[in-house]
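Report on the structure given below.
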Amino acid sequence: MKSLRKSLLAVAMCGAPLAAQAAPAAVAVSDCWIRSLPENLPSGGYFKMTNSGGQEVALTGVQTDAFGMAMLHQTREKNGMSTMAMVKQVPVPAHGAVSFAPGGYHVMLEKPRKPLAPGMSLPLTFLFSNGQKVTAACEVKSAGAMSGSMSGKMSGSMPHSH
């Protein structure tokens, strides 16, 4: 009985260093920026997510102290009309990337806690289905900004639903 305990203990201790090693971060967030709109209008958050892991991971939410509410949204074109709808999660494929950009996926940021001004940097924390949290500094850009590099295009009216 004692030798069985010693053997089990030895096996358990051999595996302990492996369990203690943290898995490398699978998802990175880059090029994060926020479009500032006048008054108390909702702002849009845009960025790129890159998954270097071997399994799909989903963005499930965004947290920030700078706004009262942050929701995942997608702009969709239907019958020549652009509409926005809330989405529960956005998959990021294994060894792939997903961009949040005007005219597509975005984070709807509502109820700013203080006035936004171009050039400000605000932290957003991105929550993923694998438990990973990634915080990125996001630059506030003017209402006319269409992308991190000021390019892109958006047209049509935007009905908005939750």
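For the reader, a short list of remarks on this structure follows.
- Straight-distance crosslink candidates among aspartates and glutamates, where the alpha carbon sits under 16 Å from Lys111 and sequence neighbours closer than 8 are dropped: Glu39, Asp65
- Remark: the Met120-Lys78 segment gains 11.6 nm on full extension, using 0.36 nm per residue and subtracting the alpha carbon distance.
- Per-residue ³J(HN,Hα) for the range 71-80, Karplus 6.51 cos²θ - 1.76 cosθ + 1.60, θ = phi - 60°, Hz, x for Gly and Pro: 10, 7, 10, 9, 8, 10, 9, 9, 6, x
- Inter-label distance for Ser129 and Glu110, nm, one decimal - labels placed 7 Å from Cα along Cα-to-Cβ: 2.6 nm
- About the Cα centre, charge dipole magnitude for the range 24-146 (Lys/Arg +1, Asp/Glu -1 at Cβ), debye: 140 debye
- Residues with amide H under 5 Å from that of Val92, placed H, sequence gap 5 or more: Val57, Ala58, Leu59
Only the coordinates and a few stated rules stand behind these numbers; no lab work does. Since the structure is predicted, the reported quantities are computational estimates derived from the model, not experimental observations. Reconstructed Cβ throughout: ideal geometry from the backbone, glycine too, with neighbour counts over all protein chains shown.
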